[in-house]
Amino acid sequence: MLDGSMFAQLHQFRKKDFFDSHGQILVYTPDRKLTYQVFASYRTDNLNIIVNNDFSTAELRTEYIGRIYEHNAVANFNQDYSVTADDRILTLSTCIGNPAYRYVVQGILVSDEPGICITTQTTEEGK
């Protein structure tokens with residue numbers, strides 16, 4: 001959201017020094033810790049990535065990955081990682097103030113570890 005309450009920090013990836021020094025995204029689920037290596041950040045059109053792309057075959061996924069690297073508006077890429085059709089890609093997207101565009105940060109899964117979910121239990125006395 002434009003007020004900075006949701007995903008506003010993704011805009012920091014526009015800056016090359018921030019992109020280079022903040023290369024990982026950690027995702028915690030109830031039972032996993034997923035680590036993604038950021039490989040791309042760029043401005044793109046406002047089309048829904050999932051609805052407007054076919055990911056059903058390795059060839060189509062490879063074509064999509066090629067299109068990622070064609071972006072040149074407000075773009076940063078980590079050339080140390082070669083993204084393939086077999087990689088699991090995380091895509092984070094946020095608005096940029098112009099309804100025709102979005103800003104996208106993408107990473108590839110580099111680690112999938114068991115996680116520990118700490119929960120609190122409420123007892124009858126604690127209600």
When Lys33 is run through (1) without any contact (Cβ under 8 Å) to a residue 12 or more places away in the chain; (2) among the basic types (Lys, Arg); (3) in a strand (DSSP E or B), the failure sits at (1)
Cβ pairs under 9 Å, 6+ apart or interchain, first in the stretch 54-70 and closer than 20 Å to Tyr81 by Cβ, second open to solvent by 80 Å² or more (accessible area, probe 1.4 Å) and at pLDDT 95 or above, ordered by first then second residue, are Ala58/Asp86; Arg61/Asp86
Residue count, the stretch 63-88, condition assigned to a helix (DSSP H, G or I) and open to solvent by 80 Å² or more (accessible area, probe 1.4 Å), comes to 2
Gly97 passes all but one of the listed conditions (1) modelled with pLDDT of 90 or more; (2) touching a Leu at 6+ places or on another chain (Cβ under 9 Å); (3) closer than 23 Å to Leu10 by Cα; the exception is number (1)
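Table: residues versus (1) hydroxyl-bearing (Ser, Thr, Tyr); (2) out of contact with any helix residue (DSSP H, G or I) (no Cβ under 7 Å at 6 or more places or on another chain); (3) surrounded by 11 or more Cβ atoms within 10 Å (Cβ to Cβ); (4) part of a helix (DSSP H, G or I).
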residue	(1), (2), (3), (4)
Gln9	no, yes, yes, yes
Gln12	no, no, yes, yes
Asp20	no, yes, yes, yes
Ser41	yes, no, yes, no
Asn48	no, yes, no, no
Thr44 meets each of (1) modelled with pLDDT of 95 or more; (2) over 21 Å from Leu109 (Cα atoms) with one exception, condition (1)
Over the stretch 50-60, the set of residues open to solvent by less than 70 Å² (accessible area, probe 1.4 Å) and either outside any loop (DSSP other than H, G, I, E, B) or farther than 20 Å from Arg102 by Cβ (or both) is Thr57, Ala58, Leu60
Filter the stretch 22-34 for residues that are open to solvent by less than 70 Å² (accessible area, probe 1.4 Å) and touching an Asp or Glu at 6+ places or on another chain (Cβ under 8 Å); the one that is farthest from Cys95 (Cα to Cα) is Lys33
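The values are calculated or read from the model by the stated rules, or taken from the named source; none is laboratory data. None of the values given here were measured: they were computed from a predicted structure. As a convention, Cβ positions derive from the backbone with ideal geometry for all residues, glycine included, and neighbour counts pool all protein chains shown. Quick note on the areas: whole protein, heavy atoms, side chains included, nothing else; ligands and nucleic acids left out. Shrake-Rupley method; radii C 1.70, N 1.55, O 1.52, S 1.80 Å.
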